[in-house]
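Please treat every number below as a calculation from the coordinates, not as lab data. Remember, it's a predicted structure, so these values are computed and weren't measured experimentally. A quick note on method: Cβ atoms are made from the backbone with ideal geometry, for glycine too, and the neighbour counts reach across all protein chains shown.
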Amino acid sequence: MEDLTKYEKHYSDNEFWKKLKVVARKAGLKVVYAALLLVYVVKSPLTSKKDKGKILGALGYFILPIDVIPDWIPVAGYTDDLAALTWAIYSVAKNVTPEVKQQAKAKLKELFGEYDEKDLQGLL
């Protein structure tokens, strides 16, 4: 995976939530869950600066409208975003606590309504 920290400057809470509201349904449950896990991990005071850099880079990449596979391409458009988000999750897995998962799933339910947890397989 390329060094995603170069995308850190593209992250802001405001831009993240704005993009998420627009693309949540199109991006899909797994992409949104991955992004939410990272948003809640980055806010933890226990997360190191190095790990925060990885997270903010992956989230910055997600926010950018132009990336390796443009988001507007049906089905494939968010695969690179999911890869970047998944890489960041596994890079900082020690910080993904049960509380973080609970927060992310609560927000996921708010955004999508009821969903099948099996659809989140492959993520922590």
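The table below lists the values:
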| item | result |
| --- | --- |
| Net +/- balance of residues flanking residue 22 in space, Cβ distance below 12 Å, scoring K and R +1, D and E -1 | +3 |
| 20 Å Cα-Cα threshold exceeded, pairs from 43/105; 26/109; 50/94; 6/30 | 6/30 |
| Extended-chain gain in nm, criterion 0.36 nm per residue less alpha-carbon gap, residue 43 and residue 97 | 18.2 nm |
| Top positive-direction residue, dipole computed over region 4-119 with Cβ charges, set 44, 96, 32 | 44 |
| Candidate values [x] 40, 31, 24; [y] 35, 30, 26; [z] 32, 30, 27, label of the one derived for Cα extents along the principal axes in Å | [y] |
| Euclidean distance of C-alpha centroids, region 36-61 and region 82-112, integer Å | 10 Å |
| Filtered GluC sites (Glu not before Pro), region 44-124: DSSP coil and at most 16 other beta carbons within 10 Å | 114 |
| Net length gained if the chain between residue 111 and residue 50 were fully extended (0.36 nm per residue, minus Cα distance) | 19.0 nm |
